[in-house]
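Only one structure is covered here, and it is reproduced in the block below.
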Protein chains: 2
Amino acid sequence: MSQLSEEIASRSAGYLDDLKAFLSFPSISAEGRALEEASDFLMGKLRSLGFNVSKARVDGAPPLVIADLKGRSDYTLVFYNHYDVQPVDPISEWRTDPFSPTVSEGRLFARGVADDKGDLMARVHAVETLLARGEGPPISVKFVVEGEEEEGSPHLKDYVEKYGSLMKGDVCLWEGFETSTDGRPQVFLGCKGLLYVELKLSTASADLHSMYGPIAVNPAWRLVWLMAKMKDESEKVLIPGFYDDVVPPTEEELEMLARNSYDVDALRRSLGVRSFLRAGPDLELLKDLYFQPTCNIAGFSSGYSGPGSKTIVPREATVKIDFRLVPSQDPAKVLARLKEHMLSLGYGDVQVKVFGEEAPAKVSPEAPEVRRLVEAAKESYGSEVNIWPTIPATGPMAIFVNELGLPSLMPPSVPYPGSSYHAPNEHIMLSQYWKSVEFFSRAILKLAPP
Amino acid sequence: MSQLSEEIASRSAGYLDDLKAFLSFPSISAEGRALEEASDFLMGKLRSLGFNVSKARVDGAPPLVIADLKGRSDYTLVFYNHYDVQPVDPISEWRTDPFSPTVSEGRLFARGVADDKGDLMARVHAVETLLARGEGPPISVKFVVEGEEEEGSPHLKDYVEKYGSLMKGDVCLWEGFETSTDGRPQVFLGCKGLLYVELKLSTASADLHSMYGPIAVNPAWRLVWLMAKMKDESEKVLIPGFYDDVVPPTEEELEMLARNSYDVDALRRSLGVRSFLRAGPDLELLKDLYFQPTCNIAGFSSGYSGPGSKTIVPREATVKIDFRLVPSQDPAKVLARLKEHMLSLGYGDVQVKVFGEEAPAKVSPEAPEVRRLVEAAKESYGSEVNIWPTIPATGPMAIFVNELGLPSLMPPSVPYPGSSYHAPNEHIMLSQYWKSVEFFSRAILKLAPP
C-alpha cells in the first residue's frame, strides 16, 4: 500500500461523512432546489482547507463557486465540476431515498453521486490528503463549480465573460466520464460539438379528414421528403458543405483507438440493441463513434399516434434533429448551411428553431499534461489507461478552451458503466471512490512541471 | 305548395315528436350505450306503419334492424342507415344537452341528428306520408339499420353473410352526405376504398443517448427513407403496380364534375388551409379529389416530441398510413404490393399491421335509378342537382354492392356543410328536414319502374 493510499484509508470515515453530507442536498437545477445550500456547503468545505472562495453571480443563474489555493508554483490546475444534479423521477423505482445517501455491499447510492458530486468531492479530498501530509499541493489549484450543468450550462458563457480572469490557469481537468467496460481508467481529449434544431411545418388550423388527401398539403410528407434529402441510407449527410471543415483523424489518433481495450459486444448488450450500423471490425465502429459527425433524428411527430387508426391529414409536423460535430466544425456554420439547403430544396416554409449550439473542443495528445495524467492513473489504478480523442457526447468545454484558452482533459473518474447516471438508483463503488482520491492526489503531484 | 308538402306540413308536429324521441336515446356505439333501446324504438315505429320487422343478431355486435313493407310492385328499395351516434366529447362545448333535442332559430340540436338519425327518420316519415295519403308506396321498401357504423361497421359483413337473403332488393339508398356549400342537393355514385396500415420498427429496448448516433440504427431515419420511396414530391405513389388497376374517369364522369356547382375557395376556407396542392383550375382539383387514390401519412411518431430538446436515438418509430382507393383497386392487392415493395427495398424488418381494409364501390351513372332520383330531388328542392362519381371518403358500401349485388346510391340528405357532424352542437335546419321527407316520398314514387 502506497503512502498516499494509507493516508486516504486513515481519513476515509471523515471523507465519507463529507460526501454523504454533500449528497444530502437535493440540488436539482431543473427544479431550482437547494442550489444555494449545496454551494454554501461546498464553499465552507473549501474555505476550511484554506481556499480563497467566492460566489460569482450572473442574472438568472445559480451561483458559480470559484475557489483557489496558492501552491508552491504558479502553474495552475483548474478543476471544472458541477454541484447540481438531475431530477429523481421516476421516484418509485428508487430502492433508497435519493437524498439519504446509503451504503450497501460496497456501493454508495444517492442522486448525483456518479454525476458529479462524487467526482467533485474526490478532488476536494485529494487536496485535503496532500494538505494532511503537511506539504500541500506543489501547484496552484482552482475549483470552478457551476450549478446548472444538468440544464445544459446556459449561463457558463456569461460567467466566463464576467469572471474569466478568475478562472484562468494552465490546464483544466473537466468532470470525468467513466471507466471502460472492462474497468480501465480512461482519459478523453475533448468532446464533440452540438447543433440542436427543431423543424416545424404547419399547414392547416386543424387536422383534416383524410378524404382531402388528394388536394391538401400534408406536412408529414413534406418533412419526410426534406429529411430524406438530409441524409441518405448510407448515413451520408447530404447538406452541401457539411463535411468541408471535418478534420480527419490523424495517424496518431487512429493508433490511440487501436491501443485501447474496448468491448464492443458488451456495449451492444448494455445498449439493448441487436446490431450496430456497421457489421465490420470493431475498430471501424470506433472510428465512426469518435470521428464521425452525425445528423440524428431525435424526434419526429405528426398527426395521430394513439392505438388503432385515425384517418387524418395532420395539421402540422415536427422533427427534432441533433448534429454532433467534430473538430473543427462550427455549429453556426452548419446551421447556415442547413438553412441554405432547405431553401434551395424549396422548404423555406419550414420553421427552424435552435435549441442548442455548442462548439467541439479538442486537446492535443502531445500536451505534456496528457502523459503526466496517464502516469498518475497507471500508478493509482495499476492498469493500462485508455486514451480517447474525444467523448462521443458534448459538454460546454469549448467555452473554456476557446474563451479562456484553457486546455481541458476529461480524466479518469469515479463512475463505472453501471452507475445509472440520470436514472434511479444512481450509485458508485466506494473502492473506486478511494482510488479516485488517490489518483487526483497523484495527478496534482505529477502535473507540476519539472 | 305541392300536395306532398301540404301533407307533410299538416303532420309536422307528430313527425318532430318522433324525431326528438329517437334522438333522446344516447345510442353511442363506442360506449355500448342504449343500443337496444334505440333499436327497439325504431322497430316499434316501423311496426306501427305496417312493416314486418326483425332484429338480426351476430355475436359481439349491436342488433341489426331489418324491416320490410310490401308495396304494389315487387321492385324493392333498400334504405341503409344506422341508429348509433358518435360520443359527445368534448361535452363542455355543447350549448345544449346532446340528448335533450332542442329547437332554436329553425335548427334542431342533438347528437346524431345530422349523422344519421335525422336522415333515417326522414325516410321513415316519407313512408308514413305516402301511407297517410291512403295509397302506400308503389314499390316495396326495406330498412336495413345497423348500430355500429360509427365504429367502422366491423360486423356488417357477418350480418350480410347470415341475413343477406333478407336484405336483397333492386336498389339501395345509402345514408346521405350533405348539401353543397351553395345549398344544392347532391347524389354520390359510390365511395372510395381504404387500406389503413401501421408500419413499426423497433431497434432497441430503450432510447439511447444520441452520442451513439454514429453506430446505432435509428428507426426514425429508416422509416423516413422508406416513406420517401413510397411517394415522391409530385405526389406520385412509388409502390410498383399501385396504379395498375386504377380506372381513369370516363368522359361522362368528367362532364359530371364540370356540370356541378362547387365553391373550391369556400372549401379551402372551411378547412382552414392557406392553399391546396394544386394551384390550377378548380376542375383539376376536383379531378384529384374524386379520382386520385392516395397514400397519406396520418401519423408519424418517434422519439421525443416535448418542448425543447432531448438528445436521443429513438428506440422505435411508427408511421400510420391510409390509402384511399378508387375503382377497381383492391385493398388486399395493394397491401401485398406494399409488402413486396418494402421487402425489395430492404425493409423486411419493419412490421406491418393492418387496421382497415375496405373495397371501393361504384354505381354506373347510367343506372335508371340515378335519373329518377335526380328528378325527385329537382322537384323537391327546386334546384339543380350535383352528381358526383363518388364521395372522396370511404364507407362499407362495397359489402352491399359486391356481396348483395345491390347498386347503392348516396342520395340528397338532411345535413348541410355546417352541421357539425361528430362535433359539439351537431344540428340540422328543420326546413331541410321537411324537404328531405318530401324528397324521399317523391323518390319512392319515382323509383317505381314504368
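Please treat every number below as a calculation from the coordinates, not as lab data. Source: prediction; values computed, not measured. Counting neighbours? That spans all protein chains shown, and the Cβs are built from the backbone with ideal geometry, glycine included.
Across the range B:36-51, the residues whose backbone nitrogen lies under 17 Å from the label position 7 Å along the beta-carbon direction of B:Leu131 are B:40-51.
Distance between the 7 Å Cα→Cβ label points at B:Lys378 and A:Ser364: 9.3 nm. Comparing A:Pro331, A:Leu373, B:Leu409 along the charge dipole axis of the protein assembly as shown, the residue lying farthest to the positive side is A:Pro331, per the Cβ-charge model. Put in line by how crowded their Cβ is, counting other Cβ atoms within 10 Å and starting with the fewest, A:Thr102, B:Thr390 read A:Thr102, B:Thr390.
In terms of its alpha-carbon gyration tensor, the range B:1-147 comes out oblate; a/c meets the 1.5 threshold, while b/c is at least as large as a/b. Shape of the range B:192-248 from the C-alpha gyration tensor: prolate (a/c of 1.5 or more and a/b above b/c, with a ≥ b ≥ c the square roots of its eigenvalues). Shape class for the range B:239-300, computed from the alpha carbon gyration tensor (a ≥ b ≥ c): oblate, with a/c not under 1.5 and a/b at or below b/c. Plainly put, the tip 7 Å out from Cα toward Cβ on B:Arg274 is 4.3 nm from that tip on each other copy, the closest given first. Using θ = phi - 60° in the Karplus curve 6.51 cos²θ - 1.76 cosθ + 1.60, the 3J(HN,Hα) couplings for the range A:307-315 round to x, x, 10, 8, 9, 9, 9, x, 7 Hz; x is entered for Gly and Pro. Where chain B is rotated onto chain A, the residue of B whose Cβ comes nearest the axis, and that gap in whole Å, is B:Ala228, 2. Modelled this way, with points 7 Å down the Cα-to-C-beta line, the labels at B:Ser305 and A:Glu36 are 4.1 nm from one another. The range B:239-266 and the range A:323-364 have Cα centres spaced 44 Å apart. Between copies, the label points at A:Asp74 (set 7 angstrom from Cα along Cα-to-Cβ) are spaced 11.7 nm, reported in nanometres from shortest to longest. Relative to the Cα centre, the charge distribution of the range A:192-356, modelled as +1 at Lys and Arg Cβ and -1 at Asp and Glu Cβ, gives a dipole magnitude of about 740 debye. A Cβ-based charge dipole, computed about the Cα centre of the protein assembly as shown with Lys and Arg at +1 and Asp and Glu at -1, lands at about 160 debye. Lys-Lys pairs in the range B:193-358 that are eight or more residues apart or on separate chains and whose Cα atoms lie under 12 Å of each other come to 4.
Loop-located trypsin sites (Lys or Arg not before Pro) in the range A:96-136 (DSSP state not H, G, I, E or B) with no more than 16 neighbouring Cβ atoms inside 10 Å: A:Arg133.
Working from Cα pairs under 8 Å separated by at least six residues, relative contact order for chain A is 27 percent. When each of A:Lys353, B:Lys236, B:Lys320, B:Lys435 is scored by the number of other beta-carbon atoms lying within 10 Å, the sequence from fewest to most is B:Lys236, A:Lys353, B:Lys435, B:Lys320. Treat every Asp and Glu Cβ in chain B as -1 and every Lys and Arg Cβ as +1, leave all other atoms uncharged, and give the resulting dipole magnitude about the Cα centre to the nearest 20 debye. About 360 debye.
The alpha carbon centroids of the range A:123-141 and the range B:12-70 are separated by 89 Å. For B:Ser205 and A:Tyr416, FRET efficiency with R0 = 25 Å and r from the beta-carbon atoms, rounded to 0.05? In this case the efficiency is close to 0.75. Of the residues A:Leu195, A:Ala443, A:Pro101, the one whose Cα sits farthest towards the positive end of the charge dipole of the protein assembly as shown is A:Leu195 (charges of +1 on Lys and Arg Cβ, -1 on Asp and Glu Cβ, taken about the Cα centre). With point charges of +1 on the Cβ of Lys and Arg and -1 on the Cβ of Asp and Glu, referenced to the Cα centre of the range B:193-358, which listed residue (B:Leu257, B:Ser344, B:Leu238) lies farthest in the positive direction of the dipole? Sorting the options by dipole projection puts first B:Ser344.
Site pair A:Ala423 and A:Asp182 shows an inter-label distance of 2.3 nm when each label is modelled 7 Å from Cα along Cα→Cβ. Between copies, the label points of B:Arg57, set 7 Å from Cα on the Cα→Cβ line, lie 7.9 nm apart, reported in increasing order to one decimal in nanometres.
Which of these, B:Thr250, B:Thr179, B:Thr318, has the largest mean-square fluctuation under a Gaussian network model of chain B (Cα springs below 10 Å)? The residue that fluctuates most here is B:Thr250.
Measuring between their Cα centroids, the range B:199-222 and the range A:165-235 lie 12 Å from each other. With a cut-off of 20 Å on the backbone N, the residues of the range A:270-293 near the modelled label site 7 Å out from A:Lys333 along Cα-Cβ are A:291-293. Residue order for B:Phe439, A:Phe143, fewest other beta carbons within 10 angstrom first, comes to A:Phe143, B:Phe439.
Over all other residues within a Cβ to Cβ distance under 12 Å of B:Ala398, the charged ones net out to -1, with Lys and Arg as +1 and Asp and Glu as -1.
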